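> Please see the structure below; I have some questions.
Any read-out appearing in this document is the output of simple, stated calculations on the displayed coordinates, not a laboratory observation. Model, not experiment: these values are computed from the prediction. Glycine gets a Cβ as well: all are built from the backbone with ideal geometry, and neighbour counts include every protein chain shown.
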Amino acid sequence: MDKELAPEIANRGRNRNLILGVAAIAVLALVIFWTRNALKTSVEAEKIRTATAEIGPVENSLDATGEVIPAYEQIYTSPIRASIRRILLTPVHP
């Protein structure tokens, strides 16, 4: 009843599995190679300057000009005609 498969048909399945396995290993190797290159540092070691921090007074100062803009601004209003003379509580900001 059962016939033996021709060697070409038997080898076809084996060859397909072999090709899929080799392709999977090649893709995995490419992903590893790409990940290593993507995570590699792009700055040469000679271009990095390092120094030891010491405790002591600040010997340099920096002069600058510009406009200081607050990160947030609050406006207090009064429901009646009055003026606010003093704010007793300071608001808490997240």
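> Quick check for me: using +1 on Lys/Arg Cβ and -1 on Asp/Glu Cβ, what's the dipole size of the chain about its Cα centre, in debye to the nearest 20?
It comes to approximately 460 debye.
> Helix 7-38 versus the longest principal axis of the chain: what is the Cα-based angle in degrees, 0 to 90, to the nearest 10?
20
> Using a basic spin-label model with each label point 7 Å from the Cα along Cα→Cβ, how many nm lie between L28 and V92?
Once both label points are built, they end up 5.4 nm from each other.
> Using helices alone, I'd like the mean residue ellipticity at 222 nm for the chain: each DSSP H run of four-plus residues gives -39500 (n - 2.57), total over residue count, nearest 500.
Using -39500 (n - 2.57) per qualifying helix, the result is -12500 deg cm²/dmol.
> So for each of 19-31, 45-57 I average, over its residues, the number of other beta carbons within 10 Å; can you give me the resulting order with the highest mean first?
Taking the mean over residues of other Cβ atoms within 10 Å, the ranking is 19-31, 45-57.
> Let me ask you something else. Is the shape of the chain rounded, prolate or oblate, going by the alpha carbon gyration tensor and its root eigenvalues a ≥ b ≥ c, with a/c under 1.5 for rounded and a/b larger than b/c for prolate?
oblate
> If you don't mind, there's one more thing I want to ask. Got a sec? Charge dipole of the chain, +1 on Cβ for Lys and Arg, -1 for Asp and Glu; which of A6, V22, I32 is way out at the positive end?
In the chain, that residue is A6.
> Something else: Counting other C-beta atoms within 10 Å, and keeping those with at most 15, which DSSP coil chymotrypsin sites (Phe, Trp or Tyr not before Pro) do you find in segment 1-79?
Y72, Y76
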